[in-house]
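Structure, as structure tokens:
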Amino acid sequence: MLYPISTDSRVVMDLNGVWKFMIDNEVDVNQPLPTGESMAVPASFNDQAVSAEIRQHCGYVWYEKEFTVAKALFNERLVLRFGSATHEAWVYVNGKFVVHHKGGFTPFEAEINEFLVSGANRLTIRVSNLLDHTTLPVGNYSEKKDENGKIIRKVDENFDFFNYAGLHRPVKIYSTPLNYIDDIVIVPNVDLAAKKADVQVSVKTGGHFDEVRVTILDEQGNTVAQATGTEINAAIENVHLWQPLNAYLYTAKVEGLKNGEVEDVYQEQFGARKVEVKNGKFLINGESFYFKGFGKHEDTFVHGRGLDEAYNVHDIKLMKTMGANSFRTSHYPYSEEMMRLCDQEGIVVIDETPAVGLFASFTFDLSILEKGGEIEDGTWTKLRTTEAHQQVIRELIDRDKNHACVVMWSIANEPASYSKGSYEYFAPLFALARELDPQKRPCTFVNIMLATPKVDKCTDLVDVIALNRYYGWYVQTGDLKTAEEKTRQELLEWQEMYPDKPIMYTEYGADTVAGFHSAFGEPFSEEYQEDYYRMNSKVFDEIPNFVGEQLWNFADFQTKYGIMRVQGNKKGIFTRAREPKMVVRYLSKRWNEIPNLGYKK
Ligand code: E9O
């Protein structure tokens, strides 16, 4: 699916702004929404209204906005497009049903010409924030009736972030001619020795063109290659590589022609770079890459999980200042705007599905695992997420396939990969991702602390071993000496069992209350956070196949209520307002000294 841009043949109308909003009630979509409540889009609805009822609401909400389409566009193809609606949406134009989409973090669209009238049109959307054992993320759903017989729904998140919901990303209408470019797939095959890239471009069209022309332009706008056809191969000589923190983007200009005239045109940017996993190393353009960075969240004040481009720009600046080069889109696909920004800024991204919460219960009893027998914790018999998982792999790869910034797919975060049935669940999903990705990027899933080398059943499926580890926090709390031994012991064990697979941390961290200091370096203090990171760095540097450190978390973030969470998870090295905690100085020094390429040859 192409991102909506305006070109010589396309117009984009923005429906962002203040919408009407209402919770719960069944409404007659033929009538204007009976509410005086305002809600800004894009953003989560939860924190905008100063209302506990709205903030904690589980179930359905309604959004409505009037819009007018210029008459000049009525003969064009008009497409209504949502960057995302979290987690499920039913869309109506002038009271008529247009489209339904389930899955809160991927875009969807529909042609709306037949629904439009001249003058004011009414766009109504019903959004659900419900999650259960069939959805991703996974939620524990329950309902009961109150004294008036009204259904009270409840979602207990099976994950550690607030269940923000609503119209999180831009809502747009874009036009195309009736014959149009529908999709573009770009595969830049880089030959490093020959300093050349053979760029395969496949174009999918709607309607009919006499000819499709593809022109490859460099950053200065010079033509470097041109070909005609819907499946072309263009050679770029002296190719300018897309490098981590040193981005270079080419543009594929695709034109659909009829009777010698250009009818539709679309410009898709791409980077030429080569990603490989070899001999326990992660190679970008033939050199070993070292991941320095973060697990993040889309999480800001008032906006909740809604797109906030100022925070996106700011966060990337903060990362760069620290010498970081990468992040993982924990625990769901981030906005298309963020992905485009990362392409431009040279930020390396591990692109994750919303498959989080794939466990039946948290067991902290490590002795079960040490017995070496099978663990049947019920996850893979209780959850029915396969269909949602396949759908989101399809939609994510379809959306992000051309991004230079994406170097690996993360199929899930912290599933019960130690328990019976996990391999059978994941093997077909990995196969699907590998089949669908035209660029054949490496794939991983993020391994939970319980799933140690001998216990995990799914490591054979991954190209890179991605670990979330909390020695010194959830276990050996406050005892960094033992935590260091455990960390070393486990990393060496992974390396020995899987000598060809690179190993990285995709989470490690300690909750830290900004401004809390301790002369004894107690847990929760800024001193402890720094000691914790110093301990981990020391071990990382001893392990040859350890190729990256993405800490947890970039910033403090909102979660559901719980005795372990005081207004959210405090493992940020920045506060939610992006003020640095003490450890930022230490990590900035370390990361600025570690080269992005060639650190561990
Ligand atoms: C997922 C992330 O969303 N990983 C969690 C993070 C956290 O801070 C959370 O925010 O809690 C850590 C999971 C830790 C599991 C520990 C199991 C301990 C077994 C010995």
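The values are calculated or read from the model by the stated rules, or taken from the named source; none is laboratory data. Source: prediction; values computed, not measured. As a convention, Cβ positions derive from the backbone with ideal geometry for all residues, glycine included, and neighbour counts pool all protein chains shown. Each accessible area value is taken on the protein alone, full model and side chains, heavy atoms only, with ligands, DNA and RNA left out. Shrake-Rupley method; radii C 1.70, N 1.55, O 1.52, S 1.80 Å.
For region 180-270, the relative contact order comes to 29 percent (Cα pairs under 8 Å, sequence separation of at least 6).
By accessible area, using a 1.4 Å probe on protein heavy atoms only, region 12-176 has 48% of its surface on carbon and sulfur. Mean sequence separation of contacting Cα pairs (under 8 Å, at least six apart), scaled by the length of the chain, corresponds to a relative contact order of 13 percent.
Measuring only protein heavy atoms, the 1.4 Å probe finds His240 accessible over about 90 Å². Among DSSP beta bridges lying fully in region 294-593, give the percent that are antiparallel, nearest 5. Roughly 15 percent of the beta bridges in region 294-593 run antiparallel, per DSSP. Nearest 5 is fine: what % of DSSP beta bridges in the chain come out antiparallel, could you say? Antiparallel bridges: around 75 percent, rounded to the nearest 5. For a 4.7 Å threshold on C-beta separation, the list of partnerless cysteines in the chain reads Cys58, Cys443, Cys458. Amide H to amide H, with H built 1.01 Å from N, Ala225 comes under 5 Å of Ile216, counting only residues 5 or more places away or on other chains. Backbone geometry of region 338-354 corresponds, through the Karplus equation with coefficients 6.51, -1.76 and 1.60 at θ = phi - 60°, to 3J(HN,Hα) couplings of 5, 5, 5, 5, 5, 4, 6, 8, x, 8, 8, 10, 9, 9, 10, 6, x Hz, x marking Gly and Pro. Extents of region 12-176, largest first, come to 51, 30, 26 Å (Cα atoms, principal axes, whole angstrom).
Per the Debye formula on identical point scatterers at the alpha carbon atoms of the chain, with no solvent, log10 I(q)/I(0) at q = 0.07, 0.10 Å⁻¹ is -0.44, -0.91. Applying both filters, DSSP loop and at most 11 other Cβ atoms within 10 Å, to the GluC sites (Glu not before Pro) of region 125-174 gives Glu147.
Taking amide hydrogens as placed 1.01 Å from N in the peptide plane, the amide H of Arg77 sits under 5 Å from those of Thr176, Leu178, each at least 5 positions away in sequence or on another chain.
In this structure, the amide hydrogen of Gly548, modeled 1.01 Å from its nitrogen in the peptide plane, lies closer than 5 angstrom to those of Phe291, Tyr505, counting only residues at least 5 positions away or on a different chain. The order of the peptides 214-222, 452-460, 418-426, 168-176 by mean Cβ neighbours within 10 Å, most packed first, is 168-176, 418-426, 452-460, 214-222.
Could you work out [θ]222 nm for the chain from helices alone, using -39500 (n - 2.57) per DSSP H run of at least four and dividing by all its residues? Round to the nearest 500 deg cm²/dmol.
Helix-only estimate at 222 nm: -5500 deg cm²/dmol.
Largest first, the residues Tyr474, Tyr164 sort by 1.4 Å accessible area into Tyr474, Tyr164. Accessible area ranking (1.4 Å probe, heavy atoms, ligands and nucleic acids excluded), largest first, for His87, His303: His303, His87. Solvent-accessible surface of region 294-593, taken per residue with a 1.4 Å probe and all protein chains present: 36 Å².
What you get for the chain, charging only the Cβ of Lys and Arg (+1) and of Asp and Glu (-1), is a dipole of about 500 debye around the Cα centre.
Skip the ligands, DNA and RNA, and give the accessible area per residue of region 61-146 with a 1.4 Å probe, whole Å². That works out to 37 Å² for each residue. Specify which residue in the list Thr329, Tyr425, Val446 is farthest towards the positive end of the charge dipole of region 294-593, using unit charges on the beta carbon of Lys, Arg (+1) and Asp, Glu (-1), about the Cα centre. The Cα lying farthest towards the positive end belongs to Thr329.
This model, with +1 at the C-beta of Lys and Arg and -1 at the C-beta of Asp and Glu, gives region 12-176 a dipole about its Cα centre of some 360 debye. Here the Karplus curve 6.51 cos²θ - 1.76 cosθ + 1.60, taken at θ = phi - 60°, turns the phi angles of region 406-411 into couplings of 7, 10, 7, 9, 10, 6 Hz, with x standing for Gly and Pro.
For Ala519, the shell of other residues with beta-carbons less than 13 Å away shows a net charge of -4, using +1 for Lys and Arg and -1 for Asp and Glu.
Dipole magnitude for region 294-593: computed about the Cα centre from +1 point charges on Lys and Arg Cβ and -1 point charges on Asp and Glu Cβ, it is near 320 debye. What the phi angles of region 487-500 give under the Karplus curve with 6.51, -1.76 and 1.60, with θ = phi - 60°, is a coupling list of 4, 4, 4, 5, 5, 5, 5, 4, 5, 6, 6, 10, x, 8 Hz, glycine and proline written as x. The packing ranking, built from the mean of other Cβ atoms within 10 Å per residue, places the peptides 129-135, 594-600 in the order 129-135, 594-600, highest first.
Taking only protein heavy atoms and a 1.4 Å probe, what accessible area per residue, in Å², does region 180-270 have with all protein chains in place?
46 Å²
Farthest towards the positive end of the charge dipole of the chain, among the residues Val99, Thr215, Trp409, is the Cα of Trp409, using unit charges on the Cβ of Lys, Arg, Asp and Glu.
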